[in-house]
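J.: Sharing a structure below in C-alpha cells format, with a few things to ask.
Each reported figure results from applying straightforward, stated rules to the coordinates on display, with no laboratory input. Since the structure is predicted, the reported quantities are computational estimates derived from the model, not experimental observations. Every residue, glycine among them, receives a Cβ derived from its backbone with ideal geometry; neighbour counts consider all protein chains shown.
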Amino acid sequence: MVAPDNLERRLAELPGLPRSDLLRQFEKAYSRPPPLRLSNATLALAIGYRWQEQVHGGLKPEIRKMLLSGKIAPVPARASAGTVLIREWQGREHTVIVRPEGVEYSGQRFRSLTEVAFRITGQKRSGPAFFGLRK
C-alpha cells in the first residue's frame with residue numbers, strides 16, 4: 001500500500017516507470033498478474049486507481065452495483081435551459097446549448113435538437129436520441 005503522504009509523488013512517477021516495474025506494481029496492488037497485452041499506460045492507470053482506492057476508499061456499494069449492472073445513470077427525458085450537450089460525430093465534437101426558446105449550435109439558433117441532428121448528419125433522426133436524451 002502507498003502511504004497517503006507519498007501518493008501524489010508516486011502517481012506522478014507511474015507513467016515513466018519501465019514495463020517490468022509496472023508489471024511488478026500491478027501484481028503487488030492486485031495480488032495477481034495483470035491481464036495479457038495491457039499497454040504501459042493502462043497498467044499505470046490501473047495501479048494509480050488501486051493506490052487511490054486504498055488511500056481514499058473505494059466506490060460506494062450502490063455506485064459499484066450500478067456500474068456493474070450497466071445502468072450508469074438515469075437519462076433525463078428533457079434538457080432544461082442552460083444544459084450543454086456534447087456529441088462526437090465522425091471524429092468531430094459538436095456542442096449544443098439548450099436555451100429557453102430553442103437550442104444554439106455553431107452560433108445559430110434552432111427550434112429543436114432534431115434540426116441540429118439533421119444539420120450534423122444530413123439525415124432525419126431523433127435529436128433527443130442523437131444527443132443521448134433517449135435510448
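J.: Relative contact order, percent, of the chain when contacts are C-alpha pairs under 8 Å separated by at least 6 residues?
T.: Numbers: 133 pairs, mean separation 19.9, N = 135.
Over the chain, the number comes to 15 percent.
J.: Dipole of the chain, Cα-centred, from +1 at each Lys and Arg C-beta and -1 at each Asp and Glu C-beta, to the nearest 20 debye? Walk me through the numbers before you get to the answer.
T.: Working: 23 positive and 12 negative charges, 129 e Å.
Value, rounded to 20: 620 debye.
J.: List every residue whose amide H lies under 5 Å from the amide H of Ser112, counting only residues 5 or more places away in sequence or on a different chain, with H placed 1.01 Å from N in the peptide plane.
T.: Here the answer is Val103, since their amide H atoms fall under 5 Å of that of Ser112.
J.: Quick one: Tyr30, Tyr105, fewest Cβ neighbours within 10 Å first, how do they rank? Walk me through the numbers before you get to the answer.
T.: Details: Tyr30 12, Tyr105 19.
Starting with the residue having the fewest Cβ neighbours, the order is Tyr30, Tyr105.
J.: With n ≥ 4 as the cut-off for DSSP H runs, can you work out [θ] at 222 nm for the chain, using -39500 (n - 2.57) per run divided by the number of residues, rounded to the nearest 500? Can you show the working numbers first?
T.: Values: 6 runs with 58 residues, N = 135.
So the calculated ellipticity at 222 nm is -12500 deg cm²/dmol.
J.: Arg99's amide H: which non-local residues (gap 5+, or another chain) put their own amide H closer than 5 Å, with H modeled 1.01 Å from N in plane and none for Pro or chain starts?
T.: Result for Arg99 returns Gly82, Glu104.
J.: Can you tell me the alpha carbon radius of gyration of segment 84-130 divided by the globular rule-of-thumb value 2.2 N^0.38 Å?
T.: Numbers: Rg = 9.7 Å, N = 47, 2.2 N^0.38 = 9.5 Å.
The reported ratio for this selection is 1.02.
J.: Skipping prolines and chain starts, which residues have an amide H placed within reach, meaning under 5 Å, of the one on His94, given they are 5 or more residues away or on another chain?
T.: Arg87, Glu88, Trp89
J.: I want to check a number: in the chain, how many lysine pairs have alpha carbons closer than 29 Å, given a sequence separation of 8 or more or different chains? Write down the numbers at each step before the final one.
T.: Values: Lys28/Lys60; Lys28/Lys65; Lys60/Lys71; Lys60/Lys135; Lys65/Lys135; Lys71/Lys124; Lys71/Lys135; Lys124/Lys135.
Value for the chain: 8.
J.: Sort the chain into rounded, prolate or oblate with this rule: let a ≥ b ≥ c be the square roots of the eigenvalues of the Cα gyration tensor; rounded if a/c is under 1.5, and if a/c is not under 1.5, prolate when a/b is larger than b/c, oblate otherwise. Don't jump to the answer; show the numbers that get you there.
T.: Numbers: a/c = 2.82, a/b = 2.40, b/c = 1.17.
Prolate, since a/c reaches 1.5 and a/b exceeds b/c.
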